[in-house]
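One structure is given below, encoded as structure tokens.
None of the figures in this text is laboratory data; all of them are computed from the coordinates on show. Being a predicted model, the structure only gives us computed values, none of them experimental. Note that we place each Cβ from the backbone using ideal geometry, even for glycine, and neighbour counts take in every protein chain shown.
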Amino acid sequence: MSHVSRRHTRDWPLKVAAAILFAQMITGPVALAFADGPQADPAGISTGDKTTAFDAGGNAFVVSEPTDKNAPDYAKRKKAFDEFQAQAAKEPLAMKLADDVGHLRISTNFSWTLLTGYLVLFMQAGFALLTCGLVRKKNAGHLMMLNFAAYVFAFLAYYVCGFAFQYGATAINAAPTNLGGTPTLDRFLIGSGLWGFLGGKGFFLSGPAYDAGSLCLTLFEVVFMETAGYIIIGAICERITFWAFILCELFMGAILYPMFGCWVWGGGWLSQLGQSMGFGHGYVDFAGSTVVHGVGGFAAMALAVILGPRLGKYGPDGKPRAFPAHNLAFVVIGTFILLFGWMGFNPGSTLGASDLRISVIAVNTNLSAVAGSASAMLLWYFLFGKPDISMACNGMLAGLVAITAPCAFVSPNSAVIIGILAGMLVDLGVLFNERVLKVDDPCGAVSVHGYCGWLGAVCVGIFADGTYGAGWNGVGATSYLGAVGQGVTGLLYGDYRQFFTQIGGATLMAIYAFGVTYAAFSLVNAMRSIRVSKEVELEGLDVPQFGLPAYPEDRVELLAPGSQVQARA
Amino acid sequence: MKRIDAVIKPFKLDEVKDSLTALGVTGMTVFETQGFGRQKGHAELYRGTEYTVEFQPKILISVLVVEDLVEPVVKAISDAARTGNVGDGKIFVSSIDDVIRIRTGERGHDAI
């Protein structure tokens with residue numbers, strides 16, 4: 001009998017966990033069934049109607065009744081409302097048509113958001129090629145598997161709780177009106193009102209998240225999280241164990257990315273600083289220079305510091321040694337694929353083709369990319385006499401990362417300047433990390449994504465010209481800085497508060513991403529080393545980790561597979 | 001029987017092969033290899049970090065000839081492979097104890 005009781009004793013943590021998960025899964029739909037609040041729309045049959053019909057200027061078709069009797073424009077708005085009511089009564093068919101129009105607008109935006117999301121998904125292939133090409137041949141399979149497994153495991157973590165943490169409360173302060181508003185995602189797990197820290201609805205993408213609009217948002221946002229997930233590969237490759245890597249991806253998808261993502265995009269406290277503290281439009285990051293690339297880059301830096309440099313990277317005198325890329329063709333193709341995918345990353349972040357700023361965003365993105373590459377190549381040429389292929393590619397990526405936050409808010413000229421700055425920063429960053437900090441970063445992930453991500457957010461605070469973003473984060477919908485329709489504005493156009501908010505938020509991101517990752521994985525590393533053994537690292541990780549060399553014909557015994565008659569003893 | 005090994009620059013392979021077949025040499029073995037001679041290596045930069053390039057890609061051609069053909073073959077290879085620049089290569093002549101053709105079992109001069 002004693003062995004039976006011992007088995008039960010070991011089982012109980014699993015049983016408790018299973019009970020909690022089950023309770024979580026059913027409370028969602030059960031709560032909705034009994035709730036008065038908004039209902040989830042999994043079939044998409046009640047999303048989009050006349051209330052989602054807007055004109056080019058963003059004016060709603062449906063005129064709402066003014067509630068504040070003491071507002072200065074109350075009389076005017078009451079008159080407009082009364083006129084609308086009269087017209088609606090006279091033309092019921094027009095009202096029905098407006099329902100169709102509103103639905104059509106939402107449909108357009110759904111297809112836009114999903115298709116641009118698929119483009120961002122394709123960036124996974126680009127990054128896989130880029131990083132695989134930049135490392136040594138003996139680790140090619142290892143790099144490919146890291147990139148592959150990153151997508152797999154981070155996605156699952158995001159499904160379990162990442163999306164809920166990031167967007168569970170988005171309807172409160174950051175409802176995506178282009179997708180129908182996702183009204184069921186309306187609760188903070190930690191925080192409330194203008195000071196939210198973590199969302200609390202939509203675990204396992206069930207209940208309130210099992211909704212057409214909500215899942216449209218999920219698809220788009222999960223591929224952004226995946227981008228942060230694979231960025232870390234660039235700095236930890238060639239020496240990380242596979243189990244530790246899976247842990248990194250689960251960590252990224254479940255909590256590290258979603259928490260900061262909630263603060264900036266999910267209606268959390270950083271985005272609401274404009275309303276709560278008067279800090280401009282709050283912290284602004286259009287498509288994720290800091291939310292995605294900065295978090296990925298600084299988490300990568302923390303992991304690279306814990307892991308230490310690759311064997312043989314630094315000589316006894318501390319001088320770095322070169323480990324040249326094994327396939328520059330992959331590097332360039334990968335960079336082009338990333339550029340192509342970025343056409344989804346930036347313009348897609350409007351969450352709708354009904355927002356015609358998408359064309360400006362697309363052009364700004366490309367301008368910064370090419371300016372970044374040109375500036376990186378030129379600077380490298382002046383420093384070392386030959387333009388380096390991998391730095392030309394890193395320069396383009398730096399330009400892309402740096403424009404990701406400001407792309408919607410700046411002019412094409414500013415986009416070029418931002419690209420030039422990013423190209424120079426990435427060159428200097430790579431040299432600084434390698435020679436001064438002695439942080440071994442095989443693919444330059446920390447410089448491209450960390451440093452240039454920070455730069456991108458700060459550039460919002462410098463170059464934003466106010467032509468877009470009126471009402472961003474709930475600030476200045478009617479007027480801002482004395483001008484009607486004034487959008488997000490930077491230092492050069494008269495808003496110093498935005499500049500300081502951007503610097504503060506971006507720096508906080510760096511401290512957060514580096515600090516939390518360093519703390520968590522120092523703990524993991526103390527329990528069990530996250531670095532492979534010396535013998536494995538010298539042999540190459542393909543065979544020890546996965547049993548499959550990426551280039552089997554490099555080995556004499558595999559030169560002619562299938563022709564072996566029998567294995568030698 | 002003599003074995004002639006010539007370490008040459010890779011882009012000279014076709015020229016050397018043609019001049020050998022013109023002389024009546026019927027077979028050869030070619031190895032892709034790397035090497036250096038009296039010339040020193042030079043420094044290159046990868047992402048700002050210096051590394052020394054010492055070994056240069058080379059091709060090693062190995063042919064077997066009867067003693068009478070040694071001097072003509074050496075001259076043919078030298079003329080075909082020479083560029084006048086550092087790194088043209090070297091030719092080694094050595095004696096061979098025996099040669100066997102695997103398909104027929106012939107040995108000695110019949111097997112060349």
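Numbers at a glance
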read-out	value
Sparsely packed GluC sites (Glu not before Pro) within segment B:15-112, loop by DSSP, other Cβ within 10 Å at most 13	B:Glu54, B:Glu106
Ellipsoid equivalent to segment A:121-188 - semi-axes via the Cα gyration tensor, in Å	36, 13, 8
Fraction of alpha-carbon pairs over 17 Å apart in segment A:433-569 - percent	76
Rg [Å, one decimal], Dmax [Å, integer] - segment A:356-508, C-alpha atoms	16.4, 54
Reduced Cα scattering model of segment A:163-296, Debye log10 I(q)/I(0), q = 0.13, 0.16 Å⁻¹	-0.53, -0.77
Gain upon complete extension [B:Asp97, B:Leu45; 0.36 nm per residue less C-alpha separation]	14.0 nm
Dipole axis of chain A (+1 Lys, Arg; -1 Asp, Glu on Cβ), positive-most option in A:Leu431, A:Ser64, A:Leu421	A:Leu431
Over segment A:467-506: Kirkwood hydrodynamic radius from C-alpha pairwise inverse distances, Å	10.3
Förster-model FRET efficiency, 45 Å R0, B:Ser78 and A:Ala519, C-beta, rounded to 0.05	0.05
From phi via Karplus (6.51, -1.76, 1.60), per-residue ³J(HN,Hα) for segment A:334-339 in Hz, x at Gly/Pro	x, 5, 5, 5, 5, 4
Distance in nm between pseudo-label sites at A:Asn413 and A:Tyr118 (7 Å out along the Cβ direction from Cα)	3.9
Low-density loop cleavage sites - trypsin sites (Lys or Arg not before Pro) in segment A:37-100, where at most 12 other Cβ are within 10 Å (DSSP)	A:Lys69
Taking only Cα atoms of segment A:237-299, radius of gyration then Dmax in Å	14.7, 47
Expected-Rg normalisation [2.2 N^0.38 Å, Cα atoms] applied to segment A:50-92	1.24
Per-selection Rg to Rh, chain B - Cα, Kirkwood hydrodynamic radius	1.09
Cα-based Rg / Dmax (Å) for segment A:117-527	20.0, 64
Sequence-separation-based contact order of chain B, relative, with Cα cut under 8 Å and 6+ spacing, percent	43
Partners for A:Lys50 among lysines (Cα-Cα distance below 24 Å; same-chain residues under 8 apart left out)	A:Lys76, A:Lys78, A:Lys79, A:Lys90, A:Lys96
Only Lys, Arg (+1) and Asp, Glu (-1) charged, at Cβ; segment A:50-92 dipole about Cα centre in debye	100
Point-charge dipole on Cβ atoms (K/R +1, D/E -1) for segment A:117-527, about Cα centre, debye to 20	800
Kirkwood-type radius of segment A:276-350, with distances r between different C-alpha atoms, in Å	16.4
Unit charges at the beta carbon, dipole of the protein assembly as shown: most positive-side option, A:Ala519, A:Gly180, A:Thr52	A:Ala519
Compactness index (Cα Rg / 2.2 N^0.38 Å), segment A:323-434	1.09
Magnitude of the charge dipole, segment B:2-111, Cβ model with Lys/Arg +1 and Asp/Glu -1, debye to 20	240
Built amide H within the under 5 Å cut-off of A:Gly191, gap 5+	A:Phe197
Segment A:142-233 - Rg over Rh from alpha carbon coordinates, Kirkwood radius	1.03
Cα-Cα pairs of segment A:25-165 separated by more than 28 Å (percent)	53
Positive-end residue, the protein assembly as shown charge dipole about Cα centroid, Cβ charges, pick of A:Val295, A:Ala89, B:Thr83	A:Val295
Angle in degrees between helix B:70-81 and the longest Cα principal axis of chain B, rounded to the nearest 10	30
